[in-house]
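Notes to accompany the following structure.
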Amino acid sequence: MVFNTGAALLDAIVLAVVSADNEGTYGYKITQEVRDVIEVSESTLYPVLRRLQKDECLVTFDKEFNGRNRRYYKVTDRGKAQLMLYRSEWIAYSSKITKILAR
């Protein structure tokens, strides 16, 4: 993709991916789902997950899987509210950009 993905858009994408699973989801799966739509490395995504956790948009918990602990992420109420804001902002923003590019 030729367009840069800013921090707010990455936050929105990650919150949307994590919120799709009410029980929470783990880092590798988040990475794969995000990579389905944009090119991004794990070294970019894990700081996003930590930032969202620090901002109280995500909580983490560990769960045993095949004899190892796997870190899961779950969206908080604050994260859900932030995602709703991102969604409404995205609709307005993308509509304006589409109008300009469609000329």
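The values are calculated or read from the model by the stated rules, or taken from the named source; none is laboratory data. The structure presented is a predicted model; accordingly, all values stated were derived computationally and were not measured. Counting neighbours? That spans all protein chains shown, and the Cβs are built from the backbone with ideal geometry, glycine included.
Answer with yes or no whether Ile13 is in a helix (DSSP H, G or I) and free of Cβ contacts under 8 Å to residues at least 12 places away in the same chain. No; evaluated as a whole, the condition is false for this residue. In this structure, does Thr5 turn out to be surrounded by 13 or more Cβ atoms within 10 Å (Cβ to Cβ), part of a helix (DSSP H, G or I) and out of contact with any Ser or Thr (no Cβ under 8 Å at 6 or more places or on another chain)? For Thr5, the condition - surrounded by 13 or more Cβ atoms within 10 Å (Cβ to Cβ), part of a helix (DSSP H, G or I) and out of contact with any Ser or Thr (no Cβ under 8 Å at 6 or more places or on another chain) - is not met.
When segment 22-40 is filtered for residues that are of a type in the set (D, E, K, R) and closer than 17 Å to Tyr73 by Cα, the ones remaining, listed by number, are Glu23, Lys29, Glu33.
Give segment 47-61 a look and list any residue that's touching a Lys or Arg at 6+ places or on another chain (Cβ under 7 Å) and over 16 Å from Asp21 (Cα atoms), or say none. Residue satisfying the conditions is Glu56 alone.
Residues in segment 59-103 that are assigned to a helix (DSSP H, G or I) and β-branched (Val, Ile, Thr): 4 in all.
Taking the condition out of contact with any strand residue (DSSP E or B) (no Cβ under 6 Å at 6 or more places or on another chain), farther than 23 Å from Glu89 by Cα and not in a helix (DSSP H, G or I), does Glu39 pass? It is false that Glu39 is out of contact with any strand residue (DSSP E or B) (no Cβ under 6 Å at 6 or more places or on another chain), farther than 23 Å from Glu89 by Cα and not in a helix (DSSP H, G or I). Just so you know, in segment 16-28 the residues that are part of a helix (DSSP H, G or I) and modelled with pLDDT of 95 or more include one that is surrounded by the most Cβ atoms within 10 Å (Cβ to Cβ), and it is Val18. A count restricted to segment 35-51 and to residues that are of a type in the set (A, V, I, L, M) and at pLDDT 95 or above stands at 2.
Annotation: of all residues in segment 66-76 being in contact with a strand residue (DSSP E or B) (Cβ under 8 Å, 6 or more places away or on another chain) and without any contact (Cβ under 8 Å) to a residue 40 or more places away in the chain, the one that is surrounded by the most Cβ atoms within 10 Å (Cβ to Cβ) is Thr76. Quick check: anything in segment 77-88 touching a Leu at 6+ places or on another chain (Cβ under 6 Å), in contact (Cβ under 8 Å) with a residue 24 or more places away in the chain and among the small types (Gly, Ala, Ser)? Yes, that holds for at least one residue.
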